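The values are calculated or read from the model by the stated rules, or taken from the named source; none is laboratory data. The structure presented is a predicted model; accordingly, all values stated were derived computationally and were not measured. Glycine also receives a Cβ, built like all others from the backbone with ideal geometry; neighbour counts cover every protein chain displayed. When the accessible area is computed, the model is the full protein with side chains, heavy atoms only, and any ligands, DNA or RNA have been set aside. Shrake-Rupley method; radii C 1.70, N 1.55, O 1.52, S 1.80 Å.
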Amino acid sequence: MHGLLDALVGGGAVAEQGAVVDQGGQTLVPLLALCAGLGARRLPGRSGEPGSVRLPWGAVGLLSAAVLVVSAASVAESLSVNAVGVLVAVVLLCVWARHERGAAVRVLPRAAFGPDRRLRLTYVTMAGLVVASCVEVFVPFFGQRLQGLGPLGAGYLGAAMAAGWTLGSVVLSGATARRALVVATAPVFSLMGLVVLVAVAPVRSSGVAAVSSVAAGLVLLGWGVGAAWPHLLTDVLRLSGDGDQDVAGASTTTVQLTATAFGSAVAGMVANASGFADPATTADAARHLYAVFLVPAAVALIGAVLVSGARSGKRVPAGE
């Protein structure tokens, strides 16, 4: 849904009026202020009990540092700087995982580091799907350069993935009896969507067939994420145990936002390295971007198949 709002508010109407990018951000400032005000009014205040809320500052700091490093490295034109940035980010993630395993206050539930691998696989599947969806960042740009769309049309093209995500969630969220099948097969649609984009997105054509094919690939990509997402969220809560429900609920947002930040940074890194800003190499940049992001989609598929197999082979206790 946020993708649809991006196209309507930020990337569409403002750009169509010939405004600069800064104005797109300015239109969001009042909305953010409104959300902040509503949150301040509706969220409960402090409980008054000392130490009632403990935040995992160490884990959050390590995750933030990893995201900042890979984001900063993504804007560099040097491949060596890109590689060093990714390497440092991976090291920071390893340090975070080690810290998280023994920390008293965690970002992830305790079960994520236990002998049962189902929760770990669920997080891997979620992260892979979210990272794969981050190709959406460059869809409006490629839509203007390759499909010849105007800013508004390119914004709506980028919203096709969000539409697929929404449709997948709405249509299949109630398929609880076939949860394992839905989770195991949903990433296949995302892979199919990326394969379609690798084939058709680099084509320089403003024809209906070309634009529709790109939109179809994006809808398939989003459908795969949306179809699995409600069931993955449920699995996180079911597998975390009664004592970690608050941490489990917050962990899904943490995983999603961290994966989005990493995915967007890597997308920028691939696009920069492929020369996306040069009209002569824009098509190649689009092809490389969609091809590279087949990897996280494949990781999500492997994780989904493994977690579905583990679920069918081991019944979740009623208390989880």
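Here is how the numbers come out for the structure above:
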{"item": "Check on PRO230, open to solvent by 20 Å² or more (accessible area, probe 1.4 Å) and either more than 22 Å from VAL307 (Cα to Cα) or basic (Lys, Arg) (or both)", "result": "no"}
{"item": "Of residues in the range 61-94 being closer than 20 Å to ALA273 by Cα, under 18 Å from the mean Cα position of the chain (by Cα) and small (Gly, Ala, Ser), the one modelled with the highest pLDDT", "result": "ALA89"}
{"item": "Tally, over the range 212-227, of residues that are open to solvent by 30 Å² or more (accessible area, probe 1.4 Å) and over 14 Å from the mean Cα position of the chain (by Cα)", "result": "5"}
{"item": "Single unsatisfied condition, VAL14 versus (1) closer than 30 Å to VAL170 by Cα; (2) open to solvent by less than 80 Å² (accessible area, probe 1.4 Å); (3) modelled with pLDDT of 65 or more", "result": "(3)"}
{"item": "Some residue of the range 140-151 being in contact (Cβ under 8 Å) with a residue 12 or more places away in the chain and within 18 Å of the chain's Cα centre (by Cα)", "result": "yes"}
{"item": "The range 233-254, residues that are open to solvent by 40 Å² or more (accessible area, probe 1.4 Å) and either within 15 Å of the chain's Cα centre (by Cα) or not hydroxyl-bearing (Ser, Thr, Tyr) (or both)", "result": "LEU233, LEU237, ARG238, ASP242, GLY243, GLN245, ASP246, VAL247, ALA250, THR253, THR254"}
{"item": "Output for the range 186-215, where each listed residue is part of a helix (DSSP H, G or I) and free of Cβ contacts under 8 Å to residues at least 24 places away in the same chain", "result": "ALA199, VAL200, VAL208, ALA209, SER212, SER213"}
{"item": "Subset of the range 133-152 [open to solvent by 30 Å² or more (accessible area, probe 1.4 Å), touching a Pro at 6+ places or on another chain (Cβ under 9 Å), in a helix (DSSP H, G or I) and not charged (D, E, K, R)]", "result": "PRO140, GLN144, PRO151"}
{"item": "Residue within the range 99-109 that is under 30 Å from ASP242 (Cα atoms), open to solvent by less than 20 Å² (accessible area, probe 1.4 Å) and assigned to a helix (DSSP H, G or I) present", "result": "yes"}
{"item": "The range 159-185 - residue that is hydroxyl-bearing (Ser, Thr, Tyr) and either in a helix (DSSP H, G or I) or in contact with a Phe, Trp or Tyr (Cβ under 6 Å, 6 or more places away or on another chain) (or both) and, of those, most open to solvent (accessible area, probe 1.4 Å)", "result": "THR176"}
